[in-house]
């Protein structure tokens, strides 16, 4: 399975990515700001989503809103 970021760059387990758009967190009033770094990502079964720890919380993020650093 080939997982790609918004620019078409392949992502691997353990990569660091950056959020490219302010994202509202579902079920919460918080917002993930543009430029936030997500380190040590984990790939999921879905090739359009990854798991990463943001602000001490594990979240699933869509790859269309991420770019590899």
### Message
Just to be sure I understand: with springs between alpha-carbon atoms less than 10 Å apart, which residue in 24, 56, 39 has the highest mean-square fluctuation in the Gaussian network model of the chain?
### Response
56
### Query
Taking the alpha-carbon centroid of each part, what is the distance from region 1-29 to region 46-64 in angstrom?
6
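Compute the relative contact order of the chain as a whole-number percentage, counting only Cα pairs closer than 8 Å that sit 6 or more residues apart in sequence.
Values: 143 pairs, mean separation 25.6, N = 69.
Relative contact order comes out at 37 percent.
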### Rg and Dmax of the chain, Cα atoms only, in Å
11.0, 34
## Note on the structure
Of 52, 14, 27, the most mobile residue in a GNM of the chain (C-alpha springs, cutoff 10 Å) is 27
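Values quoted throughout were computed directly from the atomic coordinates according to the rules given, and no laboratory measurement underlies them. Not measured: the values here are computed from a predicted model.
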